[in-house]
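Below is one structure, written out as structure tokens, with a few remarks after it.
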Amino acid sequence: MNLAFVVLPVVLVLALLIGLAQTLAKKRTPEGKYRRREIMTDNEMEFFGRLVAALPDHYIFPQVATSALLEPAAGDRKRAHSDRLRIAQQRLDYVVCNRRCEVVAVVELDDRTHSQAKDAIRDGRLAQGGYRTVRFQSRQKPPAAAIRAAILPPAFSSATPAAEAYFSGADSLRGTMANCGAEP
């Protein structure tokens with residue numbers, strides 16, 4: 001009988017420890033669970049087509065991580081880490097590059113989810129890095145010629161007949177990464 005009082009608590013403690021270890025192991029699985037997500041909404045895709053039509057001689061990159069264009073400038077490691085975290089999860093709607101893959105402008109498509117205060121902070125950060133932000137309203141998307149004029153300096157803004165043509169599906173792959181660095 002004394003043996004049962006000793007063995008039973010040991011078995012119960014071992015069972016609890018095994019159960020706890022299994023629970024913690026499930027929570028720490030490095031694989032995680034994921035599902036497919038479209039890179040752009042239908043609205044963003046439609047505007048992407050307008051950008052491609054307006055800027056046929058440029059590359060348009062959608063949904064670019066802000067950290068791909070900016071890095072912290074603080075000399076203090078702690079401050080730099082804090083600054084990095086501020087932009088870590090932010091994405092830019094579109095980045096427009098010339099044929100040498102130099103950034104011409106960052107383009108944002110503002111809808112009801114955008115906050116003017118947050119947008120001003122983001123624009124300020126991009127300006128610190130030397131990037132110009134061009135904003136368009138989602139409900140009032142301009143035609144290709146107006147988009148081209150807003151994004152490019154006046155010397156480049158004369159619209160071509162091709163830029164006036166409306167975007168149609170397969171043309172979206174005109175500016176591929178394989179051509180980055182090619183002469184204009």
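Points worth noting:
- Here is the list for segment 1-94: trypsin sites (Lys or Arg not before Pro) lying in DSSP coil, each with at most 16 other C-beta atoms within 10 angstrom of its C-beta, are Arg28, Lys33, Arg35, Arg36, Arg37.
- Loop-resident sites, segment 27-77, for chymotrypsin sites (Phe, Trp or Tyr not before Pro), counting at most 11 other Cβ within 10 Å (DSSP): Tyr34
Each reported figure results from applying straightforward, stated rules to the coordinates on display, with no laboratory input. These figures come from a predicted structure and were not determined experimentally. With ideal geometry, Cβ positions are generated from the backbone for all residues, glycine too; neighbour counts draw on all protein chains shown.
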